[in-house]
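Below: the structure, in C-alpha cells.
The values are calculated or read from the model by the stated rules, or taken from the named source; none is laboratory data. As the structure is a prediction and not an experimental result, all values here were calculated from the model. Cβ placement follows ideal geometry from the backbone for every residue including glycine, while neighbour counts extend to all protein chains displayed.
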Amino acid sequence: MNVISGINLTGSALNAEKIRMEVVAENIANAYTTHDVDGQAYQRKVVSFESVLRANGKGVQVGRVSTDPTPGETVYNPSHPDANKEGMVQMPNVNIATEMVDLMNSSRAYEANLSVVRNAKQLASKALSIGK
C-alpha cells in the first residue's frame, strides 16, 4: 500500500469521527431543550458509520445521522413554559453520561487515527532519508 493512500484512508476516518464528535456535542448542548423547532423535546441524534470503497482502497464515512426514538423522561414542573395541563414536561432523551462516554470513545478513535497519520509521515520521511 502506498503511504499517501494510507494517509488518505485514515483521513476519511478522521473526518467521520469529527462529525461524530459534532453530533455528540449537539446532543449535550440540547440536553435540556424541551421545545425544539418542531415544538417537541429535542431527540438525541446517533451517527452510523459505513465502509466505502474508493479508487485508492477502503475508507469509512458517516452513513447517516438518525434520531433516537426513545422517549425522554417526563418530569413534574407546572411552572415550566412547556408543561402540559397536568404540569408534566417532556424532557429530551439525552443522557449526559452516555454522551460523555461517546465523546471519549470518539476522541480516542480520532487520536488513534491521527497517530497512524503521524507514523506514516515519519515512515515516509525515514524512507526518503535512506537515499541520502
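Remarks
- The listed residue being under 13 Å from the mean Cα position of the chain (by Cα) and buried (at least 18 other Cβ atoms within 10 Å of the Cβ), out of 27, 113, 93: 27
- Residue 100 under 30 Å from residue 6 (Cβ atoms), at pLDDT 95 or above, in a helix (DSSP H, G or I) and not basic (Lys, Arg): no
- Test result for residue 70, closer than 21 Å to residue 26 by Cβ and polar (S, T, N, Q): yes
- Near pairs, Cβ below 7 angstrom, 6+ apart or cross-chain, from region 36-50 (under 16 Å from residue 91 (Cβ atoms)) to any residue that is surrounded by 15 or more Cβ atoms within 10 Å (Cβ to Cβ) and small (Gly, Ala, Ser): 41/72
- When the test is whether a residue is under 30 Å from residue 122 (Cα atoms), assigned to a helix (DSSP H, G or I) and acidic (Asp, Glu), residue 22 passes it.
- Every residue from region 16-66 that is touching an Asp or Glu at 6+ places or on another chain (Cβ under 8 Å), of a type in the set (Ser, Thr, Tyr) and modelled with pLDDT under 95: 34
- Residue 108 vs. criteria exposed (fewer than 13 other Cβ atoms within 10 Å of the Cβ), part of a strand (DSSP E or B), basic (Lys, Arg) and within 20 Å of the chain's Cα centre (by Cα): no
- Pairing residues of region 2-20 that are under 19 Å from residue 64 (Cα atoms) and of a type in the set (Lys, Arg) with residues that are modelled with pLDDT of 85 or more and assigned to a helix (DSSP H, G or I), at Cβ distances under 6 Å and at least 6 apart in sequence or on separate chains, gives 20/106.
- Qualifying residues in region 58-76 (those that are over 14 Å from the mean Cα position of the chain (by Cα) and loosely packed, with under 14 Cβ neighbours inside 10 Å) - the one nearest to residue 7 (Cα to Cα): 58
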